[in-house]
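The values are calculated or read from the model by the stated rules, or taken from the named source; none is laboratory data. Quick caveat, the model's predicted, so the values are computed rather than measured. Positions of Cβ are backbone-derived with ideal geometry, glycine not excepted, and every protein chain shown enters the neighbour counts. Just so you know, the surface numbers come from the protein's heavy atoms only, side chains and all, with ligands and any DNA or RNA stripped out. Shrake-Rupley method; radii C 1.70, N 1.55, O 1.52, S 1.80 Å.
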Amino acid sequence: MQVLQMQLEVGVDPAEVGRARRWARSRLAGSGIGADEPVAETLILLISELVTNAVVHTGCPAVLRMLFPVTPAAPVRVEVADASVTPPAPRHAQRDETGGRGLELVDGLADRWGWQPEGAGKRIWCEVDRAVLT
């Protein structure tokens, strides 16, 4: 299957999360996914959570990748790779906690997600079935 891949290097500054969202929105539009499509907002939220996790919990730069299959019905994949070997650890935040819900959101919004070692670090990925959301 042919796939269009785009990537962005993300620094450790929390402001990078907003930059990643803006970058992703422009790439979604360029890939034919309209801003008004439900899949667009879902992908932006997933990207925000994965990049936030990388920036906040690893303390090292990351690479955001978006993979768009040429076939419109195929899933869109988002990956965030970082140099930390620490695996993602989903937790269940208490109601009064302001953080700790990122991977719960990813689990609830993505059709599939997971992680795997990559080089000296890891890659966390998720997929959204575009056909279901459009």
Checklist entry - How much mean residue ellipticity at 222 nm does the chain get from its helices, if each DSSP H run of length 4 or more adds -39500 (n - 2.57) and you divide by all residues, to the nearest 500 deg cm²/dmol? => result -11500 deg cm²/dmol
Checklist entry - Tell me, in nm to one decimal, what length is gained between A35 and V85 on full extension, where the rule is 0.36 nm per residue of separation less the Cα-Cα distance? => result 14.5 nm
Item to check | Percent accessible area from carbon and sulfur atoms, the chain, protein chains only, probe 1.4 Å | outcome: 54 percent
Item to check | Ratio Rg/Rh, restricted to the chain and using Cα atoms, in which Rh is the Kirkwood radius | outcome: 0.95
Next on the checklist: Using a 1.4 angstrom probe on the protein heavy atoms only, could you order L109, L64 from most to least accessible area?
Outcome noted: L109, L64
Checklist outcome for this item: Projected onto the charge dipole of the chain (unit charges on the beta-carbon of Lys, Arg, Asp and Glu, signs +1, +1, -1, -1), the Cα from S26, T42, P88 with the largest positive-side position is that of S26
Checklist outcome for this item: Computed D for segment 20-89, Stokes-Einstein, Kirkwood radius over alpha-carbon pairs, 20 °C, 1.002 mPa s, to the nearest µm² per second, is 166 µm²/s
Checklist entry - Which order, highest average first, do 66-75, 120-129 follow once you tally other Cβ atoms within 10 Å for each residue and take the mean per peptide? => result 120-129, 66-75
